[in-house]
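Each value in this text was obtained by applying a stated rule to the coordinates, not by laboratory testing. As the structure is a prediction and not an experimental result, all values here were calculated from the model. Here Cβ is always computed from backbone atoms with ideal geometry, including for glycine, and neighbour counts include all displayed protein chains.
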Amino acid sequence: MTSTVQDRPAIKPYVVSHYINGQVVAGHGSRSADIYNPALGEPVGRLNLANRQDINDVVAAAKKASAAWADTGVIRRSKVLFAMRERMIARTDEMARAITREHGKVLSDAKGEIGRAIETVEFACGILEQLKGGYSDQVASDIDVFSIRQPLGVIAGITPFNFPVMVPMWMAPVAIACGNAFILKPSERDPSASLMLAQMWQEAGLPDGVFNVLQGDKEAVDGLLTHPDVDGISFVGSTPIAKYVHETALAHGKRVQALGGAKNHALVMPDADMDLAAEHMSAAAFGSAGERCMAISVGIAVGSAADILAEKLREQANKVVVQDGMHPDSDMGPLVTRASQERVKRIIGEAEAAGAKLVADGRNIQVQGREQGFFVGPTVIDEVKTDMSAYTEEIFGPVLVILRVPTLAAGIELINANPYGNGTGIFTSSGAAAREFQRRIKVGMVGINVPVPVPVAWYSFGGWKDSLFGDYHIYGADGVRFCTRKKVVTQRWPELHGEIKASFDFPSH
Ligand code: NAD
């Protein structure tokens, strides 16, 4: 659906650069990249890309700051988190506009991601509770044992374009609250929000050098993965890069968590409330133009659910208002790049050529006043088969494919055979079906009549199989474990009870 838009926004070209040791610096690199406004389809700014010297500068600043920050009392550290929460709330609108301008998602959705980012800050405000160790009194004569958790040192976060505030803030609040210094390497596509975050951390009272931003591409990432003074790598992005980051960081002796791509299935039973299922699947598939790692991109229709679901999804797709994300009525904005737009259209064409049925086709959408924008309209493709590219590829666009299966068991088997395992959901009115699904499914995050089951900050976020490489999920208790090393102390104070004889035997109690 199309509608008219406001006039073109007045755009003053801008330059986005690094933030090192409390200062915005231009850096030493000679390379730069365009920053686009995807709704207009044209560049609006330039991004300075880091070189080796910038990488060394940022790591040196973070390493220096990490020692004093690790020695700062935990309660003092958490006070900075409380202040950060206030700063983020106060500047939500401003940050949301920066996200929409460079990413394309609608303003209300940009505010939504900032809300989830604030939630992780709220979790990190209570870090003292998370850092509590265990204590065992008198495990042997005059001997106590206790455990503590200490920061890793310097953690680098490498983040994708699709959540330029939320994903960095899945990482930084926990890393910083645990006493680490943090280096953010944001996506090249929408880097402006990273500098706003840096400014807010400074306003919140975080010492210089504890939060830094390095802008760049592969050169910056490789520099961080191999630098001897970087202790931990948190990565979120596509599966091939997640795999590469995981292997490279491990080979360089670092702790690493690398979250990858997704193909999230929603299974619809014939007993489901079909209106609810179609409405929620449409929002989960087309929200943020499908550029969410938790987007529902596959509907699995069981038995007689298929025809009615396809029809209701067609109705839902046709209702979506596609517009510049700044437009107050917009439900869905453009894709992030021209290349993305072309790739998504190609995959839709391949499905059609392979015999799938186009229930709604968004390839030819025209948004008035935004003719050069990277738009693709909501698309629903029925009767897709598992060997079609629309099923095998992570489309990362507003495309929902439907596969038909005869039974719940067949649906579970199909989902479990997929290499990804990020999120999934079931729509049903049967508790027994929901329980069977939730127990048997090989996926990290499961929704029951909930299409986008992103766990709240107090539970960690992570997928299975090709959606996560490494042992730790992100944020929550797993985030704390990732950002700290455990130490177990066995203590005795001999002067209290006189001399104790040393033994050549292995100590037993
Ligand atoms: P991407 O993998 O292209 O980029 C992610 C980061 O890696 C960026 O900072 C980028 O600069 C860097 N990078 C890109 N190519 C590189 C290379 N060859 N070597 C080293 N570094 C490189 O991902 P994207 O397109 O920005 O984001 C979309 C992807 O992220 C999707 O696959 C989506 O599913 C995934 N994602 C996953 C989650 C999750 O929680 N599992 C969350 C958000 C996004």
Q: Please tell me which of these pairs span more than 30 angstrom C-alpha to C-alpha: LYS64/LYS254; LYS263/LYS487; LYS105/LYS312; LYS345/LYS385?
A: LYS263/LYS487
Q: Please find the FRET efficiency linking LYS319 to TYR14, where r is the Cβ-Cβ separation and R0 is fixed at 51 Å, and quote it to the nearest 0.05.
A: 0.90
(Q) Among DSSP bridges having both ends in the chain, what percentage is antiparallel? Round to the nearest 5. (A) 40
Q.
Once you place label points 7 Å from the Cα toward the Cβ at PHE504 and SER389, how far apart are they in nm?
A. 7.3
Q. Where does helix 168-177 land angle-wise versus the long Cα axis of the chain, in degrees 0 to 90, nearest 10?
A. 10
**Q.** Between the range 463-479 and the range 265-344, the Cα center-to-center distance that results, in Å
**A.** 26
Q: Could you calculate the FRET efficiency of VAL489 with ALA90 from 1/(1 + (r/R0)^6), where r is the beta carbon distance between them and R0 is 35 Å, rounded to 0.05?
A: 0.25
Q | Residue-wise HN-Hα coupling along the range 222-238, computed from phi with Karplus coefficients 6.51, -1.76, 1.60 (Hz; x: Gly, Pro) | A | 4, x, 6, 5, 10, 6, x, 9, 9, 9, x, 10, 9, 10, 9, x, 7
Q: Mind ranking 241-253, 200-212 by how tightly packed they are, going by the mean number of other C-beta atoms within 10 angstrom, highest first?
A: 200-212, 241-253
Q: Treat the count of other C-beta atoms within 10 Å as a stand-in for reagent exposure and order CYS483, CYS125 from fewest to most.
A: CYS125, CYS483
Q) Label points 7 Å out from Cα along the Cβ direction at ASP142 and ALA410: separation in nm? A) 7.4
Q: Would you work out the charge dipole size for the range 264-448 about its Cα centre, treating the Cβ of every Lys and Arg as +1 and the Cβ of every Asp and Glu as -1, and quote it to the nearest 20 debye?
A: 400
Q: Please give the residues of the range 365-392, grouped as numeric ranges, whose backbone N is less than 18 Å from a label point set 7 Å along the Cα-to-Cβ vector of GLU342.
A: 365, 372-377
Q | Share antiparallel - DSSP beta bridges, the range 264-448, percent rounded to 5 | A | 10
Q.
For a quick check: with amide H placed at 1.01 Å from N, whose amide H comes under 5 Å from VAL401's, ignoring anything fewer than 5 positions away on the same chain?
A. VAL298, GLY299, ILE381
